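The values are calculated or read from the model by the stated rules, or taken from the named source; none is laboratory data. Please read all numbers here as calculations on a predicted model, not as lab measurements. Neighbour counts run over all protein chains shown; Cβ positions are idealised from the backbone, glycine included.
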Amino acid sequence: MIPMVNLKGQYHAIKEEIDSALLAALEATQFILGPNVRAFEEEAAAYLGVKHAVGCASGTDALHLGLIAAGVKEGDEVITTPFTFIATAEAILYVGARPVFVDIDPRTFNIDPEQVAAAITEKTKAIIPVHLFGQPADMSALQALATQHDLKIVEDCAQSFGADIDGKQTGSIGEVGAFSFFPSKNLGCFGDGGLITTNDEKIAEHLRVLRNHGSWKQYHHSELGFNSRLDELQAVILRAKLKRIDQYNAGRRRVGHRYSAALADMGITPPHEDGIGKHVYHQYALLTDRRDDIMAALRAKEIGCAVYYPIPLHQQQVFAESCKGQTLPVTESVAARVMSLPIFPELADEQVDEILAVIRGVVLG
Ligand SMILES: *Cc1c(COP(=O)(O)O)cnc(C)c1O
């Protein structure tokens, strides 16, 4: 049996450190915006190379509050990718704006800057690129568009903690970066958690008010806010794992490269590492016309596999009206052929080889 993710291995490797730090936090009883949240925000900002990092309750909230702080309002249009998790688009709807889905690059699965350029209107206020599966989006092309048309960029970094472009971390490039610490993410906590990054002091101040009931001082509420704070106990776990994030991502890259070296000879298209930035393999997503056969063979051997994402957002029922009749051929072709293999830092080379042997049996057998 090989699962898609194995959270136990990572916990057990640092169990003593996490358990004792958690017990200390329980004794300290500073559960809301306590010392570990503050320390984690500083440590994460230093790692990511940003001036400010503000913890919040989830990646979805990070996108939502990030859009508000970036000034996106009712009636605005926000250009994004249809090939992502639903939360990217939910956040746009939460602020009353309209998601405009444009097609993706068939090699990187990330938003295609030329398609973005063609979709810009008078109403366009922002772009949300997603660094999908851990591969950085083409930020320099998007930044050029943002500068030319006076648009904000909110980076969806839920899958890309630790990925960089020429040494610049994802989440440090746009106006705002939004991270998720959902347990299976590259940096995951033991529940829900999120982080918003920015180099703009005003945006950071606004985010701290927004996440805490619109309050800049206890019982003084300047605007409608939210209860969206990063939990103190989750911050304890994140601090322990942040110290090891480079090691975790190196483990993911080892697995990814081992898969790719073997799959290229089997008529399967491995993920494209095109030099835009460092891929941190949140998912290992390949393209194949034999998806059903390969998945059936893997399942028969109790090996995990999954399709991220089978239904692009413009074809989701929730957008049935707003996206009626829209076709995005590259996205649709990728969604029909994409599949993901197990990947996590602790996955052993022998297990990768076992998985590859099953796939080889299908495509060459
Ligand atoms: C996980 C994820 C989110 C949402 O994060 P949560 O912490 O689960 O709210 C947003 N965008 C993408 C691309 C994700 O993968």
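For the reader, a short list of remarks on this structure follows.
- From the list LEU65, LEU48, the lone residue that is within 14 Å of the ligand (Cβ to nearest atom) and of a type in the set (A, V, I, L, M) is LEU65.
- Total residues in the range 275-314, condition in a helix (DSSP H, G or I) and either in contact (Cβ under 8 Å) with a residue 12 or more places away in the chain or in contact with a Gly (Cβ under 6 Å, 6 or more places away or on another chain) (or both): 8
- Candidates ARG211, ARG107, filtered to the one that is touching a Phe, Trp or Tyr at 6+ places or on another chain (Cβ under 8 Å) and in contact (Cβ under 8 Å) with a residue 24 or more places away in the chain: ARG211
- Of the residues screened, PHE161 is not one that is of a type outside the set (A, V, I, L, M), in contact (Cβ under 8 Å) with a residue 40 or more places away in the chain and either outside the structural domain of THR124 (by TED's automatic domain parsing) or assigned to a strand (DSSP E or B) (or both).
- Residue within the range 225-239 that is in the same structural domain as CYS56 (by TED's automatic domain parsing), out of contact with any helix residue (DSSP H, G or I) (no Cβ under 9 Å at 6 or more places or on another chain) and not in a loop (DSSP other than H, G, I, E, B) present: yes
- Taking the criterion of being over 13 Å from the mean Cα position of the chain (by Cα), closer than 23 Å to ALA69 by Cβ and either more than 12 Å from the ligand (Cβ to nearest atom) or surrounded by fewer than 21 Cβ atoms within 10 Å (Cβ to Cβ) (or both), the residues of the range 170-198 that qualify are SER172, ILE173, GLY174, GLU175, VAL176, ASP192, THR197, THR198.
- Check on VAL154, buried (at least 24 other Cβ atoms within 10 Å of the Cβ) and more than 14 Å from the ligand (Cβ to nearest atom): no
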